[in-house]
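Everything on this sheet refers to the single structure shown next.
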Amino acid sequence: MKDGIAFFDFDGTITSKDTMFELIKYRKGKLSFYLGLIRLSPWLIAMKLRLLSNTGAKEKLLSYFFHGTPHSDFQNACNLFIQEKLPNLVRPEALQEIAMHKKNKITVVVVSASAENWISGWCVQHQILCIGTKLEIRDGVITGKIDGKNCNGIEKVRRIKERYPLHEFKSIWAYGDTKGDKPMLSLAAFPNYKPFRKKSSM
């Protein structure tokens, strides 16, 4: 059997802030970001009232800010975000935990609702694996839509099981900070909820 595997949520677990919002601020500027939130407020309120899914709200945001952006330009912006902004958002305690697992020969996988465009490069830098949401690209441009399903909730579990035969691992760890992570946490012998903040019970 393999030694073990550890699944980490990204936003709010490894990072201190939502990286999609931070990417928008980085790319468009804070003024444009907040004006956009005001214009999108009916959709965001609908999400809070559960009249619109998280996926629907995410697509509204991505479409508003990035629809029609050439994929190459978008990816270049994401790569710069990874280099210039993302390091300041990462929790040192999370990096220490990841380093501990790697030292112990544990496979480390980030499993995130954030798009792979702005997290996979960070994972490559830290020699860990990545499962994230994929964005739709048509005719070489970003549409603002999600390709497939948003990698959140039960979709995290589906994507994990699709890629990893969990029975082959001696131990399973999982780290998350929202209800969207709890299905993933339920897979683990060692679940950690909000692990790098004030301790909270599941």
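Annotations for the structure displayed:
- Boolean, Ser53 is small (Gly, Ala, Ser), crowded, with 18+ Cβ neighbours inside 10 Å and under 18 Å from the mean Cα position of the chain (by Cα): no
- Candidates are the residues of the stretch 159-189 that are touching a Lys or Arg at 6+ places or on another chain (Cβ under 8 Å) and not small (Gly, Ala, Ser); the one that is nearest to Val109 (Cα to Cα) is Met184.
- Test: residue in the stretch 187-198 that is in contact with a helix residue (DSSP H, G or I) (Cβ under 9 Å, 6 or more places away or on another chain), outside any strand (DSSP E or B) and small (Gly, Ala, Ser): no
- Qualifying residue in the stretch 62-75 (condition: surrounded by fewer than 19 Cβ atoms within 10 Å (Cβ to Cβ) and of a type in the set (A, V, I, L, M)): no
- Annotation: of all residues in the stretch 149-169 being of a type in the set (A, V, I, L, M, F, W, C) and within 19 Å of the chain's Cα centre (by Cα), the one that is surrounded by the fewest Cβ atoms within 10 Å (Cβ to Cβ) is Ile154.
- Filtered residues of the stretch 166-179 (kept if in a strand (DSSP E or B) and of a type in the set (A, V, I, L, M)): Ile172, Ala174
- Any hit, the stretch 96-107, residues being more than 15 Å from the chain's Cα centre (by Cα), under 22 Å from Met20 (Cα atoms) and free of Cβ contacts under 8 Å to residues at least 60 places away in the same chain: no
- Long-range neighbours under 9 Å by Cβ, at least six apart or interchain, first residue within 17 Å of His67 (Cα to Cα) within the stretch 19-44, second of a type in the set (S, T, N, Q) and modelled with pLDDT under 95: none
- Residue selected from the stretch 79-135 under the condition among the acidic types (Asp, Glu) and either closer than 21 Å to Ile5 by Cβ or out of contact with any helix residue (DSSP H, G or I) (no Cβ under 8 Å at 6 or more places or on another chain) (or both), by the criterion surrounded by the most Cβ atoms within 10 Å (Cβ to Cβ): Glu97
The values are calculated or read from the model by the stated rules, or taken from the named source; none is laboratory data. Note that the structure is predicted; figures quoted are calculated from it, not measured. Note that we place each Cβ from the backbone using ideal geometry, even for glycine, and neighbour counts take in every protein chain shown.
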